[in-house]
Amino acid sequence: MVDGSSPAHSPPRTGVIHVSFRTRSSQGAVEGISSPSKGRSLQSRLDEAIGLALAINLDVIHSQVIQLPKIASATLIGKGNVEAIGALIQALGISLMVLDNALTPIQQRNLEKAWGCKVIDRTGLIIEIFGDRARTSEGSLQVELAALNYQRSRLVRSWTHLERQRGGFGFIGGPGESQLELDRRLIDERILKIKKGLAQAKRTRGLHRTARKRIPYPVVALVGYTNAGKSTLFNLITKANVFAENLLFATLDPTMRQVKLPSGRQIILSDTVGFISDLPTQLIAAFRATLEEVCSADLILHVRDSAHPDTEHQAKDVYQVLEELDIAHPLEAGILLEVCNKIDLLSQEDCETLENRLKRDNNLVVISALTGQGIDDLLSRIDEKLQEKGTLIQITIPTSEGEMLAWCYRQGVIVDRQDEGEEIHLSLRLTSPEKLKLLEQFGTILKIKEII
């Protein structure tokens, strides 16, 4: 993942810039404009951009925020800034510039021409990370689809100059090698082929989901801002070994494991890709299928980095992506628990504030996935939330039907049990799919006395 002029083992010397505009044009949102900071500090936005660069091991040797009154249509940042940064690039030997903004193909071309180095924008950087992280064949196809859609608009204007400078960087690459030979027809053919492959993967995943419903285990999905600690929590609960590092987008491909709750109920826990502000539209579309497990989940755990200064703004970004996935606000639907993670990093005062909020909010759990603090409370709350979703039924089981009794203890929540002679009277709570499975498997010998 290096610049064409750098040694293969050495990451490119990289500069990172976040551009903020104090005013918008009369047309409103303009292609190439920085998105609003949504109440975040400019330093926080810059730090996140640096984190994205570090996620693919770039050697960040310079970073800065530029505040401007308006967009320069040709270069985004204006002639004076282009010249000043160009001198800095030469002085520091920078071979890659990352702009934490959306660049038009013309702006990217002009900046590369002026600076004599490779330039990528926020969308290109995130696609690079996703390309580096994808492990499954479906994940790789989704990333390639997003990259091709991104590249397609840049074929003519961006890929016909600076061949040496643009060649050989990471997933997207450049025309210095094979990209010059690609034209729109070839890219369109590849896009069509990928879409067919993803459609088949979606059908296969649908069959797997149908098979799980026949088991049936409730699905609990982990969502949250990238680097909130979802994979660390997933590993702790499931004893799995999912890649978990202090990196943005450490997890890309979804992972699912079976978990036994304190009540004995079995669930399927799903770890998903982290969300981020200003997620490129190409990736929202490409990864919609991957996040289908969230859409069909019985319960969503929103894992938050409670120690992050922008935790509230990160939460808003997560809800925005959920809305873009056509998921109604999960708090209103009663299918969400907010899991405030990393409390081991909080000050005593912040911990007390969170504890006071915990007393008022029944949908809040505080934990440290690193130390294990609060995990037992979290598992109990998951049990309670799933129980709230279920229907309370009263059934009578012959004492000879040990298999049915074991199934009830394994799948439902036993509220009461009374043994009378050759019969066992149970009050238990089951979700709708669990109740259907009970009737399907044991309906001929089961006596249901009452459904509440």
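The values are calculated or read from the model by the stated rules, or taken from the named source; none is laboratory data. In this text the structure is predicted, and so the values were computed from the model without any measurement. All Cβ positions, glycine included, derive from the backbone under ideal geometry; neighbour counts span all protein chains shown.
Taking segment 374-410, which residues are basic (K, R) and within 25 Å of I424 (Cα to Cα)? Outline the logic, then answer.
First pass over segment 374-410, keeping only residues basic (K, R): 381, 385, 389, 410.
K389, R410 - these are the residues of segment 374-410 that are basic (K, R) and within 25 Å of I424 (Cα to Cα).
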Exercise for review: Out of K113, K118, report the one residue that is modelled with pLDDT of 90 or more and out of contact with any helix residue (DSSP H, G or I) (no Cβ under 8 Å at 6 or more places or on another chain).
Suggested key: K113
Practice item. Say whether the condition of being part of a helix (DSSP H, G or I), among the hydroxyl-bearing types (S, T, Y) and modelled with pLDDT under 85 is met by at least one residue in segment 206-224. Key: yes
Review point. (1) more than 24 Å from D47 (Cβ to Cβ); (2) touching a Leu at 6+ places or on another chain (Cβ under 8 Å); (3) at pLDDT 80 or above; (4) among the charged types (D, E, K, R): which one isn't true of D344, the others all being true?
Key: (1)
**Study point:** Conditions (1) of a type in the set (D, E, K, R); (2) at pLDDT 80 or above; (3) within 25 Å of the chain's Cα centre (by Cα); number of the one not met by E403
**Key:** (3)
**Study point:** Selection count, segment 347-399, where residues are touching a residue at least 60 places away in the same chain (Cβ under 8 Å), assigned to a strand (DSSP E or B) and among the aliphatic types (A, V, I, L, M)
**Key:** 2
Point to revise | Residues located in segment 409-423, provided they are within 27 Å of K385 (Cα to Cα) and in contact with a strand residue (DSSP E or B) (Cβ under 8 Å, 6 or more places away or on another chain) | key: R410, Q411, G412, V413, I414, V415, D416, R417, Q418
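This table checks each residue for (1) at pLDDT 95 or above; (2) among the charged types (D, E, K, R); (3) under 29 Å from the mean Cα position of the chain (by Cα); (4) crowded, with 19+ Cβ neighbours inside 10 Å.
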residue: Q43; (1), (2), (3), (4): no, no, yes, no
residue: L54; (1), (2), (3), (4): no, no, yes, no
residue: V65; (1), (2), (3), (4): yes, no, yes, no
residue: G80; (1), (2), (3), (4): yes, no, no, no
residue: I85; (1), (2), (3), (4): yes, no, no, yes
residue: Q90; (1), (2), (3), (4): yes, no, no, no
residue: M97; (1), (2), (3), (4): yes, no, yes, yes
residue: N101; (1), (2), (3), (4): no, no, yes, yes
residue: I106; (1), (2), (3), (4): no, no, no, no
Study note, to complete from the structure: Over segment 434-448, the set of residues modelled with pLDDT under 80 and surrounded by fewer than 18 Cβ atoms within 10 Å (Cβ to Cβ) is L436, G443, T444, I445, L446, K447, I448
Revision key, fill the gap. Residue hits (segment 355-395; of a type in the set (V, I, T) and buried (at least 16 other Cβ atoms within 10 Å of the Cβ)) are V365, V366, I367, I375, I382, I393, I395
Check your understanding: Are any of the residues in segment 414-431 assigned to a loop (DSSP other than H, G, I, E, B) and either modelled with pLDDT of 90 or more or exposed (fewer than 12 other Cβ atoms within 10 Å of the Cβ) (or both)?
Key -> yes
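Can we say V98 is in a strand (DSSP E or B) and assigned by TED's automatic domain parsing to the domain that holds F21?
Yes: the conditions hold for V98.
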